[in-house]
Amino acid sequence: MTDTAVAPPTVRDVVAALDARYPRAWAESWDRVGLVLGEFDTPVVRVLCVVDCVPETVEEAVAAGANLIVAHHPLLLKGVSSVAPDTYKGRIVHRLIKAEIALYVAHTNADVANPGVSDALAARLELVRLRPLVPATGAAEGEGRGAGRVGELAAPMTLAELTGFAAGRLPPTAAGVRAAGDPERLIHTLAVCGGAGDSFLGAAAAAGADAYLCADLRHHPASEHLAAGGTALLDVAHWASERPWLDEVAGWLRAQFPVTALVSDLDTDPWTVHAVSPDKEYLT
Ligand SMILES: [Zn+2]
């Protein structure tokens, strides 16, 4: 042991490690990932991991003395011609630069990684024998990478039981968890996908899953999936489905560097109110 303090990594060092773990080439072509802003030579002592880089999580980072935010969702996904301080996103950019906080995004490249966003979600639900729901092709192909995960529940349970179990295991939100299908259906195999999951409804059925859990399911795709004899469905809050990944990436950062990696538990799901109709009987 030596009492010489270990020099903290720089933004350049942490970005290089994150880029190696989540290569930018693995992201979808429409996506925008990697370093958004920040000076490469800034020392990184504290990192805050967030799902969304919004004013509330930026203030968390400022209060925590963070030098770097690792976010899942891109701050600037679509082309911008201004980051003027009187715009919503421009304000965020200015606040971060003034506070000398760098911003890094790992989005669809973290979704397909192994371990990736859906592995952390699957772990919350204690799924075992995981495999990709949709194996990756192209730059990310191989080594168990791909979108979503399919796994076995530690013990089979009915859809009604699984709905309550998921609500208890996932980060709490006002929306909670809602399910579609026969409440008594016994679920052995569960497909999961962190974030919006509409596009993998067919894949979940083809993978032999009994149920599929994801976020942002819509009326028509869900109804038609069920009518075609597809899996049961569990619709969870988008934030809650991706929040588990923050623990995983923070743990990895701590293992890589002498940094304090913090996780934001600020629920950034837009839905903040939920009521149950008094005249309708629901399974709860
Ligand atoms: Zn998302």
Residues with amide H under 5 Å of residue 212's amide H, sequence separation 5 or more or different chain, H placed in the peptide plane at 1.01 Å from N; which? 191, 232, 233, 234
Name the residue farthest towards the positive end of the dipole of the chain from the options 259, 123, 162, assuming +1 on Cβ of Lys and Arg, -1 on Cβ of Asp and Glu, about the Cα centre. 259
Per GNM of the chain with C-alpha springs under 10 angstrom, the most fluctuating residue out of 113, 160, 204 is 160
Once the piece of chain linking residue 266 and residue 188 is laid out straight, how much longer is it, given 0.36 nm per residue of separation minus the C-alpha distance between them? 24.9 nm
Could you quote the convex hull projected area for region 108-180, Cα atoms only and averaged over all directions, in nm²? 5.4 nm²
Global size of the chain as Cα Rg and Dmax, reported in angstrom: 19.9, 69
FRET efficiency, residue 158 to residue 126 (Cβ-Cβ, R0 22 Å, nearest 0.05): 0.85
Using modelled amide H (1.01 Å from N, peptide plane; none on Pro or chain starts), what sits under 5 Å from the amide H of residue 37, excluding residues fewer than 5 places away? 103
Determine by what factor the alpha-carbon radius of gyration of region 59-180 differs from 2.2 N^0.38 Å, reporting the quotient. 1.38
I'd like the Karplus ³J(HN,Hα) series for region 15-29: coefficients 6.51, -1.76, 1.60, θ = phi - 60°, whole numbers in Hz, and an x wherever there's a Gly or Pro. 4, 4, 5, 5, 5, 6, 6, 10, x, 4, 5, 7, 6, 4, 5
Residues in region 23-60 that a label on residue 98 would reach, taking backbone N under 15 Å of a point 7 Å out along Cα→Cβ: 55-56, 58-60
Restricting the count to DSSP beta bridges whose residues both fall in the chain, what percent are antiparallel, rounded to a multiple of 5? 50 percent
Residue-span extension gain [residue 169 to residue 84] - 0.36 nm each, minus C-alpha spacing: 26.5 nm
Extent along principal axes [Cα atoms of region 1-67; Å; largest to smallest]: 48, 29, 20
To make sure I understand, if each residue's beta carbon is the centre and we count other beta carbons within 10 Å, what order do 96, 186 fall in, fewest to most? 186, 96
Express in nm, to one decimal, how much length is gained between residue 198 and residue 76 on full extension, taking 0.36 nm for each residue of separation and deducting their alpha carbon distance. 41.6 nm
Please identify the cysteines of the chain that lack any partner cysteine with a Cβ under 4.7 Å from their own Cβ. 49, 53
Could you work out the relative contact order of the chain, using alpha carbon pairs under 8 angstrom and six or more residues apart, expressed as a whole percent? 19 percent
log₁₀ of I(q)/I(0) at q = 0.20 Å⁻¹ - region 223-284, Debye sum with one point per alpha carbon: -0.95
Restricting things to alpha carbons, tell me how big region 216-257 is in terms of Rg and Dmax, in Å. 16.5, 50
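Just so you know, all these numbers are worked out from the coordinates, no wet-lab data involved. Computed from a prediction, not measured in an experiment: that's the story for all the values here. Cβ: placed from backbone, ideal geometry, glycine included. Neighbour counts: every protein chain shown.
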